[in-house]
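Here's the structure we're looking at; comments come further down.
FYI, it's all coordinate maths here, none of it is from the lab. This is a predicted model, so every value here is computed, not measured. For neighbour counting, all protein chains shown are included, and Cβ atoms are generated from backbone atoms with ideal geometry for every residue, glycine included.
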C-alpha cells in the first residue's frame, strides 16, 4: 500500500503516529471520563493543526491527547476550552 502516515488513538494508553518508518508515541492524560462524544474529533483537530504548522511530532501527539482527554472529561462534545489547553496548540 501507499500509506504514508498512520495515527492510532488508544484511549487511556495514549496515541501513536507512524510516518516514514518512525513511530512516535504519547501518553494519555489521566482524567475521569464523563462523555467521549467529540473527544476523537478534538484529537484530530489538534493533530491536523500541529501537522499543518510543522510542530515536532511528539508535541503534536501530546497536545492532541491533552485536548481529547479534556473533552472526554466534560459532558458534551464542545466544552469551553481554557487557554492552557488551546494556547500550546496554537503556538506550536
Residues in the stretch 6-22 reached by a label modelled at residue 58 [backbone nitrogen below 18 Å; 7 Å Cα→Cβ]
14-22
Pseudo-spin-label distance residue 73 to residue 12, built 7 Å along Cα→Cβ, given in nm, is 1.5 nm
Residues of the stretch 39-60 with backbone N under 20 Å of the label point set 7 Å from the Cα of residue 22 along Cα→Cβ are 47-60
So what is the 222 nm mean residue ellipticity for the chain from helices alone, if each DSSP H run of at least 4 adds -39500 (n - 2.57) and you divide by all residues, rounding to the nearest 500 deg cm²/dmol?
-14000 deg cm²/dmol
